[in-house]
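First the structure, then my questions, so here it is.
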Amino acid sequence: MIESVRETQKKYCSRAIVTAIVVGFFLIAGDYRPIGKGLVLGTIFSIVNFVLIGETLPWRLGKVKSKTLAIALGSIIFRYALLVVPLILAAKLEQLNFATTVCGIFMVQIMIIVDHFRAAITSTFRTSIK
């Protein structure tokens, strides 16, 4: 199970960071530095959050219900606190755009949704060809 979690993390995190870097590069080259930097910063924290979700999964399996609840709540609180860091930086620093930092925080989730839509469209297209 852990290997499948790691493969999923690798797949979506790689896509998220590559997308953020490519889009961020063009934004920075196009003299939209705060927008590009905000996107990359938010994506980095999105990836860290996604990896932490996968790392805490084994801690919750096979435990007593009360202990599982404590671990889950602690994990959620820690991850939310972690996601506040880029938001505070974007709000305080002129070098970062707040809106694109928020978009970056959702970059892994966006990659997951895009992958599912792509798979659905591909399967629909294959079905219609037959």
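Arrange Leu41, Leu57 by Cβ neighbour counts within 10 Å, fewest through most, would you?
Working: Leu41 25, Leu57 13.
Neighbour counts put them in this order, fewest first: Leu57, Leu41.
Quick one: if the Förster radius is 25 Å, what FRET efficiency do Ile28 and Ala119 give, using the C-beta to C-beta distance and rounding to 0.05? Can you show the working numbers first?
Values: r = 32 Å, r/R0 = 1.27.
That gives a FRET efficiency of 0.20.
Another question, if that's okay. May I ask you to sort Val48, Val84, Val64 by Cβ crowding, counting other Cβ atoms within 10 Å and putting the fewest first?
Details: Val48 17, Val84 11, Val64 8.
So the residues, fewest neighbours to most, are Val64, Val84, Val48.
Could you give the distance between the Cα centres of segment 42-84 and segment 1-41, to the whole Å?
After rounding, the separation between the Cα centres reads 21 Å.
Using a simple charge model, +1 on the beta-carbon of Lys and Arg, -1 on the beta-carbon of Asp and Glu, nothing else, what dipole does the chain show about its Cα centre, in debye to the nearest 20? Before the final figure, lay out each step's value.
Numbers: 15 positive and 6 negative charges, 93 e Å.
My answer is approximately 440 debye.
Can I get the semi-axes of the chain's equivalent ellipsoid? Compute them from the C-alpha gyration tensor as square roots of 5 times the eigenvalues, in angstrom, largest first. Write down the numbers at each step before the final one.
On the way: eigenvalues 159, 132, 21 Å².
Equivalent-ellipsoid dimensions as semi-axes: 28, 26, 10 Å.
Please compute the contact order of segment 2-129 in relative form: average sequence separation of alpha-carbon pairs under 8 Å and at least six residues apart, divided by the residue count, as a percent.
Relative contact order comes out at 35 percent.
Continuing with this model, one more query. Pairs on different chains or at least eight residues apart, Cα atoms closer than 29 Å: how many lysine pairs in the chain fit?
Numbers: Lys10/Lys37; Lys10/Lys63; Lys10/Lys67; Lys11/Lys37; Lys11/Lys63; Lys37/Lys92.
Pairs that pass both the separation and distance tests number 6.
Computed from the coordinates by the stated procedures, all read-outs in this text should not be read as laboratory data. As the structure is a prediction and not an experimental result, all values here were calculated from the model. Every residue, glycine as well, gets a Cβ built from its backbone with ideal geometry; the counts of neighbours run over all protein chains shown.
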